[in-house]
Structures are given as C-alpha cells and as structure tokens.
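A quick write-up on the structure given underneath.
Derivation of every value follows stated rules applied to the coordinates shown; laboratory data play no part. All values reported here derive from a predicted model rather than from experimental measurement. When we count neighbours, we look across all protein chains shown, and the Cβ atoms used for this are built from the backbone with ideal geometry, even at glycine.
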Amino acid sequence: MSNKRVLLVLGGGIAAYKCLELIRRLKEHGIAVRCVPTAAARALVSPLALAAVSGEKVYDSLFSLTDEAEMGHIRLSREADLVVVAPATADLLAKMANGLADDLASTLLLATDKPVLVAPAMNPRMWAHPATRRNLERLAADGIAILGPAVGDTACGEVGAGRMVEPHELLAAILARLEPSSRPLEGVRALVTSGPTHEPIDPVRFIANRSSGRQGHAIAEALARAGATVTLVSGPVAIPDPPGVRTVKVETAREMAAACEAALPVDVAVCAAAVADWRPAEVPAAKIKKETGAAPPVLRLVENPDILAGLARHPTQRPRLVVGFAAETGALEAEARTKRAKKDCDWILANDVSRGAVFGADRNRILFLSGEGPAEPWPELSKEEVAARLVERIAAALGRGPS
Ligand code: CTP
C-alpha cells in the first residue's frame, strides 16, 4: 500500500492520544498520514507529536498563508484516498451532518470528494442524545462509514457506549477500505495457535513461559484481513482479541490441542504458540502448603501433546499447509531443519531467542525454511510485517496470489 494516503482529522476527545499508535501502525503498512487536528484536539495531543510520528507537516489553520501557498485546503482534502475522523466528537459529527465549515477540519470534510470513515468517541449520554442519533442517521445516509463506538469505561468516568474503538480495529477498517480487493484468502479456513500455555501445579500455581502472543495474534489478524476464516486458539495473554477472528481461549496444552482438533477441518494451520512441553503429573485439588522443616516438593513432569506434530500427522484431516515456529538458542538453521523433519510440518519460521529480545518484543528476525532449497533469512521486521509476509507466502502456496 505504498502509494496510499490517509487524511486524519482529529477531534478534541481524550482518545486523540490513541491516534499516535494508529498513525504508527498505518506507516508500518506503508500508508502516508497527514494530520489535521482541531483546536480542541491540539489541547490533547501536540501537533509536534503528530508531526514526529507521521513524518509529515501537520495542518491546523484554515487561514495560513504559507499553507495555502504550499497546499490549498481543497487540495489537501482531495489528495487523500480516505479521510478518517478519529476521535469523532459529538461536535464534529454535528458539524459534518449540517455542513458547517468554520475551521480547517470541518472545511476539509465538506470539501472532500473521498470516502470518509468516522470513529465516534464521547460521553455515553451524548452518544444516546436524540440530536446525536439524528446526526448519525444523516451521516449514514450521506454515505459516511461509522465505526464504533465501543462499550466500556469512558474518560469521563461513566460506563456505556462512547469509547473510541481501539487503534487495531480502526487500522483493520482502514486497510479493508483502502484495498477492498486484497482478499486473496477468501474462502480459506485457517487455524492459528498463539500465546503461552499455563500448566497448573496446584489451584494457585502454574508453569508458564514468556510468550506474549503478539506474533500469533498478528498472524491471525493478517489472515483474516486477507479474507480467511480464522480460528485463533490462544493461551492466556494480555493483548486484545484480533478483529474479525474467532478466538478460543484456553489455559493448558491439552485444552489447546482439543480446541485445535475441534477447529478442523482447515486449509492452513500456523502454530505460533509457545506450548509448555511438560506439565506436572499430579495436580492436587488443594494448595500445596509450606510445612516448616519439610523438604520442598518435587515436581514430576509428563510430556504434553505436540500440537504441531499432531496436526501435521493428522490421520484424516491434515491441513494442506502446516506451519510451525522454532525458538532456538544456537545452530538456528540446523535445529530448524531437524524440527521440521521431526514434526512433519511444511514450513518453519525459526528465530534466535538466545539474545532474549523476541518474547514480547516489537520486532523479529526470521529464518524461513520451506524445505525446498536453502533457508531464507528475512530482515528484521515488526511482528505485523512478519505476519504480512507469511500471509503472502501462504496465499502463493495455496495458488491464491503472486508466487
Ligand atoms: N509446539 C506444539 N506443541 C508442543 C510443543 C511445541 O504445537 N507441545 C509447536 C510450537 O507452536 C512451535 C513448534 O512446535 O510451532 C516448535 O516449538 P519449540 O518450542 O521451538 O520446539 P519444541 O518442540 O518445544 O522443541 P525444543 O523445546 O526441544 O526445541
């Protein structure tokens, strides 16, 4: 999407700060973002921060002689592929519904000939007010796309509908609008595992690992965006469910294996979860107590089912493509080749975890092993970029995209 451009109009809601994350994510997808904050938005998020994150000049005045000489406000509104209003306050929505144009933001919104997407954010009572309802009806009739708001706690302390949708949901909606035809995996069923597993020791303790689930969740989201029907089986994580994906939440490896089995048949399975290899053999119903003078308890472990190998060797419903990850601390390529053969999977994405900067980190350096020919080192990429690359490869392998 390297030639796409979004014009982002920021209204004066506290959610304006979330737009910094949105801009960063849009830029990761190669989308240029020009920001137009209203006067109220400028009180909440500084134009300097917007300029720094977007890497573009921030436009905020209707009557700026320099801006008009360089880029007239009409041109600014026409040069975008999509106009996004976030947060769309009750005031901005009212202006839009009535065609008011008394500042740069509202003037652009009246002058544009491009599709407009709004993400409302306001107090729940303001959202429910008949005036706002009327304005939204008018905007919908004018062809404006409305995303959200979400239900939950609002900045003003009241609970209800009024929270702006999260940046990743807005991102997904923007990407879908910018490239509605980029759905090469339409009709493809996909299964993704993600996150760690928790293996109980007793009712209050468990064995776990450092997996954040970010890579697996990013893959599920990218597959869904490409049109696949996705089941994400996730261990306990602290990140939100990806939009457009059916997320099944589990705790243990055995629950994860059962949820994966229940999700079959699928065309492609990507096992990104850091499944605990072992679990305590016996789990007492009561908490293990620390008796004075007694020796510490000894944990006897038994092996967990290998979900990746189980899918790759499934007797009746093997997915056409089975993809695994390999977290290694040495001899990356050799270990990844051995793992691929040992688990009978088609591809392995190997990463070196010896430097400790993979679990929970933003970026990932992958060695891609497809079995045919030499391993392919990928450059250091964000986890979203790794997901996008993998989805391209999956589409190509299933005959759905450029090979
Ligand atoms: N995996 C799985 N089920 C398990 C263990 C691992 O599905 N019980 C999957 C992971 O999701 C990953 C791949 O197997 O795709 C490799 O995981 P990794 O931890 O690197 O390998 P292990 O099989 O655990 O081998 P080792 O720890 O000995 O390197």
For the chain, whose charge dipole is built from +1 on Lys and Arg Cβ atoms and -1 on Asp and Glu Cβ atoms, the candidate among A396, P130, W378 with its Cα farthest towards the positive end is A396
For the chain, build the charge dipole from Cβ charges (+1 Lys, Arg; -1 Asp, Glu) around the Cα centre, then report which of A16, S64, L48 sits farthest towards its positive end. A16
Calculate the FRET efficiency for K27 and D113 from the Cβ-Cβ distance with a Förster distance of 25 Å, rounded to the nearest 0.05. 0.50
To the nearest 20 Debye, how big is the dipole of the chain about its Cα centre, given +1 on the beta carbon of each Lys and Arg and -1 on that of each Asp and Glu? 480
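Name the shape class, rounded, prolate or oblate, that the alpha-carbon gyration tensor gives for segment 1-115, where a ≥ b ≥ c are the square roots of its eigenvalues, rounded holds for a/c under 1.5, and otherwise prolate holds if a/b is larger than b/c and oblate otherwise. Walk me through the numbers on the way to the answer.
Working: a/c = 1.35, a/b = 1.14, b/c = 1.18.
Cα axes put segment 1-115 in the rounded bin.
Taking the highest mean first, how do the peptides 167-173, 265-271, 298-304 order by number of other beta carbon atoms within 10 angstrom per residue? List each step's numbers first, then the result.
Numbers: 167-173: 21.3, 265-271: 23.9, 298-304: 11.3.
In descending order of packing, they fall as 265-271, 167-173, 298-304.
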Rounded FRET efficiency, nearest 0.05, which uses the C-beta distance separating R363 from A331 and R0 of 30 Å: 0.85
In whole Hz, with x marking every Gly and Pro, tabulate ³J(HN,Hα) for segment 196-205 from phi via Karplus 6.51 cos²θ - 1.76 cosθ + 1.60, θ = phi - 60°. x, 10, 10, 10, x, 9, 7, x, 10, 10
Between the modelled labels at R42 and E376 (7 Å from Cα along Cα→Cβ) the distance in nm is 4.8
Label-point separation, A286 to V204 (7 Å along Cα→Cβ), nm: 1.4
